Structure formats: structure tokens, C-alpha cells
Amino acid sequence: MRIDLRSDTVTRPTPAMLKAMTLAEVGDDVLGDDPTVLRLQDEVARLLGKEAACFVPTGTMANLTAIRAQTEPGDELILHEESHVYFYETGGFAGACGCSTRLIRGDRGLFEAADLDSMVRGKSVSYPASRLVVIENTHNRGGGTIWGLDRINRVTSRARAHSLRCHLDGARLWNASAATGIDVAAFAAPFDTVSCCFSKGLGTPAGSAVAGTRDTIARVNRFRKMFGGTMRQSGILAAAALHALANHRDRLADDHANARRLADRLADAPGLAVDPAACETNMVMIDLADDLGTPHDFCARLAAQGVLVLPNGPRRVRAVTHLDVSSDMIDHVADIIRAAARDAAGA
Ligand SMILES: *Cc1c(COP(=O)(O)O)cnc(C)c1O
């Protein structure tokens, strides 16, 4: 048995999702008449409480178009040093938007309103213009951490006081909502733009979206085309997203329960440091004692037993739960990981 916990992106479309895709009514989205894409964009705007939304192929393009739409070359972004935009998006904020960054440190992907103050540039013809704050919810490298509404409100109000715009990288906003019971629109409300992914916990083969005001989304739409992200019969992918929004949001609670179950079963394993209380959504961060070898070697050891996870730091590996993982598999995975830690310590 092969159990893939590398990411929640590895899911295969379900038979029902594939059926929805084959039945999709399509047009040509460059010409603006793919009815299923238009329906998805309306649905995403409605769910996130925004005027408009734009369907894009990837979360990376969602963030890139949102940043490009709200900045000019030479502007500066303020974001967490472990944020996906900074860490995993090939420097697109610089390469495609011409922006520089000021980075905030903070535990588990979080920061506070006061952290913004020292990062905002004063008014001078010599300084780059501070323009946009990016917050990530849930925070990926933080371990699937939830940014709570109070913290979001404190940080975004301070950003407004500094005349900054605010972007939410909500690739896993659905998880934050499922874990807290707070509506995604409430999480999205303080932000000018919000990106979200259908290809993570929701389980589609591809697809993300950006939501915001009509004017900002018109700019997003323009940059989507410029960056080569406007597709033709993309209603086939939009149909998968509509299916996932209707059918796969409630079940994210199962992923969270499975992640917590894995964390609980590893909490007392010799050589492993796992904090179940830090496991807020669908990610389990596992820190390895020094005598267990490198995360890369540890992952290879697990792969030989059919369990796939990824290195996520100098001593850390990451396991992510998703819709192709059951609670029975979790118990098996916990046994394999505990045995690997025992073997590695003896090696
Ligand atoms: C995965 C992810 C993205 C990018 O999504 P892709 O579809 O892989 O480009 C953006 N932000 C966060 C927080 C992510 O986890």
C-alpha cells in the first residue's frame, strides 16, 4: 500500500467530480463566454463576499496577478518571511511585478499589528513605496496555522492606518473556515483581494481564483492574460471546482481529525517531536532528533515502506492529510513512522 501525505495537492478527482467535468457546458474563456467559468467566478465572489472573482490555473498565478494588479514596479510588499509568496513562488513578486519585500518574523507564520510599524517606509522621494501586506490563512510553512479573526482585524486595521492594501493568500482558507466554523466571507472581509485554491483540500486537478472589487478584478483579469493564464474550454476545470465547493468543504473536518489523530499517535514517539496542540488543520509537522539522520534520509526510509512525506526544514518533515487518506491509513502511517524512528536511531 502506498500512502501519499506529501501534500493535499496529490488527490485524484473522484468519479462524481469527473462526471461533473464531462457534463460541463463550455465556451471560450478568452472570448469571455464559458458559462461554467462565469458561474464559478460568481459563486466564488458570492462565497467570499466580494464583487467579482477571476478563475486562474494555479494559486501561484492567483497571488501573482493579485500582487501585480495592486502594485507598480518599485513598490514594496510586507509579508511573513515563511510565506508561500516569498518562499515558493519563484520570486514572481520581483521577477514579474518588480516589487521588493520587507519580511516579518513570527512563530508559526503569525505576526502582530505592531510588527508592521517598523516595516512601513516613511514618506520620502528616496524610499520604495510600501504598498501591500500579504497574510496567509491557513499558514503553510507555519504548519497549517489559523490566523484568527481578531489578529486579522488588528493587522489589517493597522495596515489601513498606514494606507496599505491587504491581500489574503487563502489557498487553504476553506480549511480555516472548516476548523473554526467562521464563514470564509468573514475571514475575507478585511482584505482588498483574496486568493483561494480548489486543487488543495478541495481536491480538483487544477484551479484557483482571486476575488476583490470589480475594478481590481478587471486588472487581475488583464494580468492573467498577460501571464498566459487565460484558458479556453476551462469550464471543464471550473465544473470540478463547483463540484468541490458544493461537496468537499464539509469533509475537510475529516482531514483535520486525521491530522490530529496522526499527531496524537506520534506525540510520545522517541526521537520525534510532534505537538498535537499545534496541529490546527490538515498538516502534521514532525521534528527529528539529531541522531535520526537528515529529513531527506528519513523520508527515503518512509518511502521504502510506502509512506510518502516531504522534508520541510533542517530537522523537519511534513505530513498532510487529504480526501484520499482514511483514518485506518493514518494508524498504519503512525506505526510506520514510529518504527522508522526506532530503526534510524539504531542505524
Ligand atoms: C499551494 C499554495 C499556493 C500556490 O498554489 P499552486 O497552485 O501550487 O501554485 C499558494 N499559497 C499557499 C499558502 C499554498 O499552500
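The values are calculated or read from the model by the stated rules, or taken from the named source; none is laboratory data. Predicted, not measured: the structure shown is a model, and the values here were computed from it. Cβ coordinates were reconstructed from backbone atoms using ideal geometry, including for glycine residues, and neighbour counts include every protein chain displayed. Ligands, DNA and RNA are stripped out before the accessible areas are found, and what is left, the full protein with its side chains, is counted by its heavy atoms. Shrake-Rupley method; radii C 1.70, N 1.55, O 1.52, S 1.80 Å.
Summary of computed values
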{"item": "Identity of the residue in the stretch 124-133, open to solvent by 10 Å² or more (accessible area, probe 1.4 Å) and touching a Leu at 6+ places or on another chain (Cβ under 7 Å), that ends up farthest from the ligand (Cβ to nearest atom)", "result": "Ser130"}
{"item": "Residue match in the stretch 174-190 (condition: out of contact with any Gly (no Cβ under 6 Å at 6 or more places or on another chain), within 16 Å of the ligand (Cβ to nearest atom), closer than 21 Å to Asp107 by Cα and open to solvent by 40 Å² or more (accessible area, probe 1.4 Å))", "result": "yes"}
{"item": "So Leu47, is it more than 15 Å from the ligand (Cβ to nearest atom), open to solvent by 20 Å² or more (accessible area, probe 1.4 Å) and either touching a residue at least 40 places away in the same chain (Cβ under 8 Å) or in contact with a Ser or Thr (Cβ under 7 Å, 6 or more places away or on another chain) (or both)", "result": "yes"}
{"item": "Residue check for His296: at pLDDT 95 or above, farther than 20 Å from Ala259 by Cβ and not in a strand (DSSP E or B)", "result": "yes"}
{"item": "Any hit, the stretch 191-210, residues being assigned to a helix (DSSP H, G or I), of a type outside the set (D, E, K, R) and open to solvent by less than 20 Å² (accessible area, probe 1.4 Å)", "result": "no"}
{"item": "Matching residues, the stretch 50-71, being away from the ligand (no atom under 16 Å from the Cβ) and closer than 14 Å to Val133 by Cα", "result": "Ala69, Gln70, Thr71"}
{"item": "Count of the stretch 23-57 residues which are among the β-branched types (Val, Ile, Thr) and closer than 12 Å to His243 by Cα", "result": "1"}
{"item": "Those residues of the stretch 211-230 which are in contact with an Asp or Glu (Cβ under 9 Å, 6 or more places away or on another chain), among the polar types (S, T, N, Q) and part of a helix (DSSP H, G or I), in sequence order", "result": "Thr216"}
{"item": "When residues of the stretch 134-169 are limited to those that are buried (at least 16 other Cβ atoms within 10 Å of the Cβ) and hydroxyl-bearing (Ser, Thr, Tyr), the one farthest from the chain's Cα centre (by Cα)", "result": "Thr156"}
{"item": "Any hit, the stretch 214-237, residues being within 16 Å of the ligand (Cβ to nearest atom) and closer than 16 Å to Arg46 by Cβ", "result": "no"}
{"item": "Residues of the stretch 84-117 that turn out to be closer than 17 Å to Ser195 by Cβ, outside any helix (DSSP H, G or I) and touching a helix residue (DSSP H, G or I) at 6+ places or on another chain (Cβ under 7 Å), as a count", "result": "4"}
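Results for (1) surrounded by fewer than 22 Cβ atoms within 10 Å (Cβ to Cβ); (2) not in a helix (DSSP H, G or I), shown as yes or no for each residue.
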| residue | (1), (2) |
| --- | --- |
| Pro311 | yes, yes |
| Asp324 | yes, yes |
| Met329 | yes, no |
| His332 | yes, no |
| Ala340 | no, no |
